[in-house]
Each structure stands twice: as C-alpha cells, then as structure tokens.
Amino acid sequence: MERDLEVTSTAFQDGDMLPEKYTADGADISPPLTIKNINPEGETIAVIMDDPDAPVGTFTHWMIWNIPVDKNDIPEDVPKDKKVDSLADAVQGYNDFGEVGYRGPAPPSGVHNYHFKIYILDQKIDIPFDSSKQKLVNTLKDNLLQKTEIVAKNER
C-alpha cells in the first residue's frame with residue numbers, strides 16, 4: 001500500500017508561524033523542505049509557495065520545478081538563480097515581486113497563511129523560467145502523480 005506524499009520542514013511545523021529568518025523581515029531565505037513517500041514513478045518535484053490571503057488575491061512567493069526526486073531534501077537558502085546547480089539544474093520562475101526565486105512573507109497586516117505546495121511529476125517539464133504561474137500549474141496538471149502542502153503563518 002502506497003503511503004501519502006508528505007512534506008515537512010525542520011524550520012516549522014504545519015500551521016506554525018514561519019520563523020523570521022525566512023521572511024522579508026529576516027534573511028529572506030527559503031526554508032528547508034523534506035519530501036517523503038514519493039511515488040516510485042515520480043521523476044521531478046515542483047514547489048509553489050503562495051499567499052491566498054493577500055489583499056490583491058493569491059500572491060506567489062516562489063516557483064521552482066524540475067528538482068529530481070532524489071533531491072527530496074531541499075536545503076534552506078536555495079540560490080535565487082534561474083537554474084539551480086545544487087538541485088541538478090532545477091528551474092526557478094518569477095515571483096509576484098517580479099524577481100526570480102524565493103521571496104519571503106511581508107504581509108501588509110494581519111495573519112496570512114503561506115502554502116508550500118509540493119507536486120510530484122512523472123517527467124521533467126519543458127517550460128521557460130519566465131513562464132506565468134498559470135502556465136506552470138497547467139503544465140503540472142498534465143504530469144501530476146502526487147500533491148501535498150505544508151502551511152506556515154506570518155503576521156506583521
């Protein structure tokens with residue numbers, strides 16, 4: 001029996017506050033993520049981190065894809081490069097700040113929920129780094145084997 005896909009972080013538990021280090025008020029680096037129970041047919045991992053509580057609608061903080069499944073321990077502070085050598089040339093897209101890579105929470109007010117969505121795909125996806133989030137999501141759907149998420153909160 002296959003177990004459900006699981007994502008954890010050594011930085012926070014699901015539903016906890018995100019440590020300041022990973023926010024715009026801290027070092028603004030990506031938190032570590034560990035993905036377990038990956039489908040044996042899985043080839044790559046994609047991550048989308050977004051904030052559905054943003055006043056402008058869902059705000060995307062991070063998009064990265066084509067991480068090989070054997071790199072399922074994603075370290076903190078993934079370099080803000082289009083191609084991430086340490087993750088076997090994984091591709092990072094633009095966040096809604098207009099920058100490549102991770103940008104941490106900076107909510108204008110109140111508590112916001114930040115969803116780290118994990119996707120396991122049956123192959124690498126061939127879209128450019130400057131693809132829109134919608135294009136990435138549509139491409140993921142065609143190759144999706146598993147999906148899960150972990151949520152962290154932040155408040156200013």
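Since every read-out is calculated from the coordinates, none of them should be taken as a lab result. Quick caveat: nothing in here was measured; it's all calculated off a predicted structure. Here Cβ is always computed from backbone atoms with ideal geometry, including for glycine, and neighbour counts include all displayed protein chains.
So here's what we get for this one:
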quantity: Geometric extent, Cα atoms of the chain - Rg, Dmax (angstrom); calculated: 14.5, 45
quantity: Per-peptide average of other Cβ atoms within 10 Å, ordering 13-21, 100-108 highest first; calculated: 100-108, 13-21
quantity: Net dipole in debye of the range 90-156 [+1 Lys, Arg Cβ; -1 Asp, Glu Cβ; about Cα centre; nearest 20]; calculated: 160 debye
quantity: Cα gyration tensor category, rounded, prolate or oblate, for the range 1-93 with a/c compared to 1.5; calculated: prolate
quantity: Relative packing of 3-11, 148-156, 57-65, which averages over residues the other C-beta atoms within 10 Å, highest first; calculated: 57-65, 148-156, 3-11
quantity: Per-peptide average of other Cβ atoms within 10 Å, ordering 77-89, 30-42 highest first; calculated: 30-42, 77-89
quantity: Net charge dipole size for the range 1-124 [Lys, Arg +1 and Asp, Glu -1 on Cβ; Debye, nearest 20]; calculated: 200 debye
quantity: Entries of 21/135; 21/83; 83/141 with Cα pairs more than 25 Å apart; calculated: 21/135
